[in-house]
1. In segment A:217-236, how many are under 18 Å from A:Glu247 (Cα atoms) and among the aliphatic types (A, V, I, L, M)?
2. Quick one: would you say B:Ser70 is over 23 Å from A:Ser37 (Cα atoms) and of a type in the set (S, T, N, Q)?
3. If you take the residues of segment B:45-71 that are out of contact with any helix residue (DSSP H, G or I) (no Cβ under 9 Å at 6 or more places or on another chain) and either in contact (Cβ under 8 Å) with a residue 24 or more places away in the chain or polar (S, T, N, Q) (or both), which of them is farthest from the other protein chains (Cβ to nearest Cβ)?
4. Select, from A:Ile232, A:Ile250, A:Ile298, A:Ile294, the only residue that is of a type in the set (Val, Ile, Thr), more than 27 Å from A:Lys179 (Cα to Cα) and crowded, with 17+ Cβ neighbours inside 10 Å.
5. Given (1) buried (at least 16 other Cβ atoms within 10 Å of the Cβ); (2) in a loop (DSSP other than H, G, I, E, B), where does A:Leu278 come up short, assuming only one miss?
6. Give segment A:368-401 a look and list any residue that's over 18 Å from the mean Cα position of the chain (by Cα) and among the small types (Gly, Ala, Ser), or say none.
7. At least 1 residues that are surrounded by 24 or more Cβ atoms within 10 Å (Cβ to Cβ) and among the aliphatic types (A, V, I, L, M) in each: list the strands (runs of 3 or more DSSP E) lying fully within segment A:121-198 that qualify.
8. So B:Pro130 clears everything in (1) more than 8 Å from every other protein chain (Cβ to nearest Cβ); (2) touching a residue at least 12 places away in the same chain (Cβ under 8 Å); (3) of a type outside the set (A, V, I, L, M, F, W, C) except one condition, right? Which one?
Amino acid sequence: MEALQNDKVRNRKNISRKDGEGRGAMESTSFKDFHESIIFGILVKVPPSYVYKNGRLVCRAWRDLISRDDFIVQNFMETKAELLVGGPTSRRNGFFEVKLMEVGGALQLDCKLRDCGLCRMGRPRSSCNGLLLLNHPKKEGLLQVMNLITTVGLTLPKCPSGCRHKACGSALGFDPNKKEYKVIHMYADSFGFEIFNLAGPPDAAWRIIPGPWEGLQERPYDFERFSWSDPISVNGRVLHWHVASNEYIISMDVSEEISTKTYLPNISEEIESYKYTLAELGGYLSFVYALSDIQVDIWILDDCFRGQIWSKKHSIQLDLIKYVTPENSLLPANHANALPNLSKLVAVAGRGCDILILKHENSCLYIYDMKHRVMKKFKMNMKNPMCFIPHRSSLLHWRTS
Amino acid sequence: MIVLNSSDGATFEVEESVAVQSQTIKHMIEDNCADTSIPLPNVNGVTLARVLEYIKKHAEAKDDEEGLKSFDAEFVKVDQASLFEIILAANYLDIKGLLDLTCQTVADQIKDLTVEEVRAIFNIMNDFTPEEEAKLRNDHAWAFE
C-alpha cells in the first residue's frame, strides 16, 4: 500500500482515462471498451459479497457493470463452493445463526468459519445458485427465498397441506429447461408433493403432485417415528430423500417433477436404514454407510435416471487414517489424537470430489480427505450446529436469466 | 523463429510453437502478416520480455503442474503498475492463461481494500452524488418483495 502514491503517478500514464487519452495507436472508443472488458475480467473473479458491498460504490460505471446479468452469471461461475452452517440461537424462537465455512489450505483441510453478514435469520433449508430457502423467522408455517448477499427475498404463501415446516423435507431447485427456480416441499406423502414456481405471477399458488407411493402399505418407514427431512440436492437439478428404507431412496428430477425409487447399491451385507446417510459429493449423490466402528464405505451414484449405477468410491478404514491434530488443541496429545469411533460419525456434506465432512454426536466436525486418507477435527464456534448446506455465493435474483 | 518488435523498438526472437500461445500472434501468422517481423505497438519492451518469459515457461514445462503453479505465484509478485501492463499486454495478445492469472491476482488484492483504495489503484473518480452514495450504502435492509 505504501507504493500507492508512486503507482498513481505511473498509472496516470499507463492506465486508461475516461476521456479516451490512450496509449499508442489505440482508438479512443475501442480503448474505452477494451478497458471495460479488463475491469469485467478482474471483477468477476472477486467474491460476490465484496463486489456487492464495495465494488458497487466505486463509481457509476462499476455499479452498472455489476448489475448486468452477464456479469452476475459469470461472477457466480467463479465462486468457490462453501458450506453454510446453521444452528438455533435459542430454543424459544425461530432464529438461527448462520456462518459460512471454507475448507482449504495445505492438504485442503483447514476450515475457516466466517459470518455471512446477517446476524440472524430463520432456519436455512436449502441453497441453489446462491439463493437460500429458509423458514420465516417469526411467522410459523411460512417459507422464504432470499439471496444471502443482496438480501433480496420473497415470502412464499402458506402450503396447502398446512405444514408448519418443523418436520418436512423442502428444497430449492432449478429447472434448466424452463430456466426457473422451484421450491419442492414434502410433508405428508398421502397429500402429495407441493411445488411453487418462483417466477410465477404475484398471486401464484402451490401446485400439488402425487406422492411417491400408492397405498399406505407401501411405505417403508415406521409411521410413529418417521418425518421427512430435507433432500440432498445435486446441482439443484435432482433431489434425493432418505425415507428410512433398507432398499431405496426417493428421487425427483426438478424439471420432470416425477418421483422415482432409486435402489441402493449392493453392499456386502443387508442394509440397515439407520446406518446410512446421503451427501452430495463432487456433483454426484453419495451413499455413506457405516459398516462398523472401524469402516465406513462411500458409494457414488453415476446416474439415477438411466441405469442407477453405483460405484464404490472409497472405504474409510480406521487403521489407515492419518490423523492430524488441530493446531490450537489444548488437550494432551493422546486425548486430542484419539480417532473417533467411525460409527458415531454422520456424513453431513461433501466438498469437491474427495473431501467428506462428518459430524460427531458431540457436535465436532471431522474433515476427511479420501485421496490422502487424512482426517482432521474441527471444533466449531457454534452452540448447536444442525444444518449443513452446500452453498455458493452469488448476486443472482430468481429472475436473472 | 518469429521476430517480435515492441513499441519502443526492442526486438525479441521466439519459437513459433511458443509464440502461438498468443491468439493475436497466431492469427497474424496465419494471415501471413509475419514474413519479416511482427510489430506490437501496444506493448513496451520490458512488458513483452515478461510475457515471453511466461509463455516460454508454460511451453517447456507444460505437464509439470506443481512447477507451473509455483512459477505463476512468483511471476505475479511485481508492483501494481507492472501488473497492469502485463494485463493489458495479455489482453492485447490474447493469452488466456496469463490474463486469467493476472486478473485473479488483482482480484485477490482488491477484495481486502476499501472503496477509496480501489479508486486510487484504478485512478477512478467518484462520480456519485452524496444522495446516490448514501442510498447504495444503506441498501442493506431486508428488501422483501
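1. Residues that pass the stated criteria total 1.
2. For B:Ser70, the condition - over 23 Å from A:Ser37 (Cα atoms) and of a type in the set (S, T, N, Q) - is met.
3. The selected residue is B:Ala49.
4. Just a single option satisfies the conditions, and that option is A:Ile298.
5. (2)
6. A:Ser401
7. A:131-135, A:143-147, A:169-175, A:180-186
8. Going through the list (1) more than 8 Å from every other protein chain (Cβ to nearest Cβ); (2) touching a residue at least 12 places away in the same chain (Cβ under 8 Å); (3) of a type outside the set (A, V, I, L, M, F, W, C), B:Pro130 breaks only (2).
Rule-based calculations on the coordinates, nothing more; no lab input. Only a predicted model underlies this, so the values are computations on that prediction, with no experimental measurement involved. With ideal geometry, Cβ positions are generated from the backbone for all residues, glycine too; neighbour counts draw on all protein chains shown.
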